[in-house]
1. It is to be established whether one or more residues within region B:97-115 are surrounded by fewer than 16 Cβ atoms within 10 Å (Cβ to Cβ), more than 30 Å from residue A:175 (Cβ to Cβ) and of a type in the set (A, V, I, L, M).
2. Look through B:97, B:88 and report the one residue that is assigned by TED's automatic domain parsing to the domain that holds residue B:11 and within 14 Å of residue B:14 (Cβ to Cβ).
3. When you scan region A:103-112, do you find a residue that is within 15 Å of the chain's Cα centre (by Cα) and closer than 25 Å to residue B:154 by Cα, even just one?
4. Output the residues belonging to region A:170-179 that are more than 7 Å from chain B (Cβ to nearest Cβ) and in a helix (DSSP H, G or I).
5. Identify the residue in region A:13-43 that is over 14 Å from the mean Cα position of the chain (by Cα) and closer than 28 Å to residue B:115 by Cβ and, among all such residues, is surrounded by the most Cβ atoms within 10 Å (Cβ to Cβ).
6. Of all the residues that make up region B:90-131, how many are more than 7 Å from every other protein chain (Cβ to nearest Cβ) and polar (S, T, N, Q)?
7. Kindly indicate which of B:67, B:86 is at the interface with chain A (Cβ under 7 Å from one of its Cβ atoms), hydroxyl-bearing (Ser, Thr, Tyr) and either assigned to a helix (DSSP H, G or I) or farther than 14 Å from residue A:60 by Cβ (or both).
Amino acid sequence: MERGVLGQLAITFGAISLMAIGGANAVVPEIHRQLVDVLAWMDAPTFARLFAIAQAAPGPNVMLASVVGWHMAGTTGLLVATLAILLPSSVLTFVCSRGLQRYRDNRIVRIVTLALVPIALGLMLASGLVAAIAADAGVFGYAVTAATAIVTYRSKVNPLVPMAAGTVVYATAWALGFV
Amino acid sequence: MSASASTSALRPGLPALFTGFLKIGLMGFGGVGPIARHIIVAERGWLDDRGYAELMGICQALPGANTVNVAVMLGDRFRGPIGALTCLVALMAMPLLVLVAIANIYDAVSNHPLAQIALTGAAASAAGLILGTAARLLTRAGLARWAWIMAAAAFLAVGILRLPMLPALLVLVPLGLVAASLSARRV
């Protein structure tokens with residue numbers, strides 16, 4: 001069983017690594033689809049909570065894979081999932097780094113960036129939507145999502161500030177019986 | 001230390017790369033992007049602004065988190081494959097430790113209803129974080145009309161229709177590349 005989970009973590013996140021344009025914030029819908037629908041490893045709210053933990057920790061956004069690995073198979077799972085999401089894209093970056101230094105072909109880089117940036121941003125928006133629905137936090141939850149989105153959009157405050165505020169407001173609303 | 005032409009003359013060694021990226025990982029609460037730029041350009045002077053923008057451009061065109069790709073490329077540029085590995089390990093080390101600590105705290109209190117509620121609120125809020133960031137980037141990217149259509153198509157396919165990502169990308173990326181090369185030719 002344990003080996004099966006580890007192998008699956010490696011395969012799932014290894015494949016997602018190469019689809020992660022702009023990092024894990026583009027592939028939340030795919031990770032959700034794999035974990036909740038295809039593999040049935042967890043329900044949507046559990047996935048949303050792991051997503052929240054990954055957002056609260058420092059570091060690159062690929063740590064969503066790490067926390068999923070940890071949830072499924074402890075420290076070994078964390079290491080396997082982290083390596084799986086880091087390795088394929090990093091090897092590709094390494095190879096391209098050398099190729100680009102040799103050829104200095106800025107035109108190709110420019111066109112690829114031009115093509116991928118809008119797709120990555122559309123996917124990031126999709127990630128936010130899928131995460132909001134997965135959170136399953138009710139009408140008040142959507143209000144918290146909307147408020148956090150507006151604050152993040154409008155101000156340059158550290159993202160952890162609105163996230164902490166949203167958490168406190170939601171917990172307070174629960175304590176007062178609104179949720 | 002001024003970041004100018006002398007940048008390449010003082011190639012940082014492995015210990016300097018390690019401590020630099022360790023700091024980026026540790027200080028990047030709420031996103032490592034801004035802090036990475038600060039340490040690489042302002043504090044260590046490994047690249048000037050233009051060099052960093054160029055590097056970032058390449059990293060955005062590749063899969064994977066941008067800062068992870070920056071670590072790999074910069075490490076390789078200064079110290080080869082060992083340098084790339086050093087930067088990558090340094091970048092991930094502290095965040096992973098913090099993540100394990102947070103996850104363990106969650107495990108310890110997860111039976112308490114308030115912990116579940118708080119994390120549900122955090123999840124709703126974290127979703128808003130991504131939505132707000134995406135909206136901000138979309139409105140400031142100066143996208144052409146075709147690029148807006150590509151963004152909308154990606155959002156629709158993966159966010160609303162919930163299509164598997166691989167086939168969606170296999171359609172969207174070639175379309176985007178065609179549109180991008182056509183619009184680049186026109187300029």
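The values are calculated or read from the model by the stated rules, or taken from the named source; none is laboratory data. Everything numeric in this text was worked out from a predicted model, so none of it was measured. Methodologically, a virtual Cβ is constructed for each residue, glycine included, from the backbone with ideal geometry; neighbour enumeration extends over all protein chains shown.
1. Within region B:97-115, one or more residues are surrounded by fewer than 16 Cβ atoms within 10 Å (Cβ to Cβ), more than 30 Å from residue A:175 (Cβ to Cβ) and of a type in the set (A, V, I, L, M).
2. Step by step, each of B:97, B:88 is checked, and only B:88 is assigned by TED's automatic domain parsing to the domain that holds residue B:11 and within 14 Å of residue B:14 (Cβ to Cβ).
3. No, region A:103-112 has no match at all.
4. Scanning region A:170-179 gives A:172, A:173, A:175.
5. A:36
6. Total satisfying the criteria: 4.
7. Step by step, each of B:67, B:86 is checked, and only B:67 is at the interface with chain A (Cβ under 7 Å from one of its Cβ atoms), hydroxyl-bearing (Ser, Thr, Tyr) and either assigned to a helix (DSSP H, G or I) or farther than 14 Å from residue A:60 by Cβ (or both).
Residue-by-condition table, conditions (1) under 22 Å from the mean Cα position of the chain (by Cα); (2) farther than 27 Å from residue B:75 by Cα; (3) without any contact (Cβ under 8 Å) to a residue 24 or more places away in the chain:
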residue: A:72; (1), (2), (3): yes, yes, no
residue: A:88; (1), (2), (3): yes, no, no
residue: A:92; (1), (2), (3): yes, no, no
residue: A:99; (1), (2), (3): no, no, yes
residue: A:119; (1), (2), (3): yes, yes, no
residue: A:135; (1), (2), (3): yes, yes, no
residue: A:141; (1), (2), (3): yes, yes, no
residue: A:163; (1), (2), (3): yes, yes, no
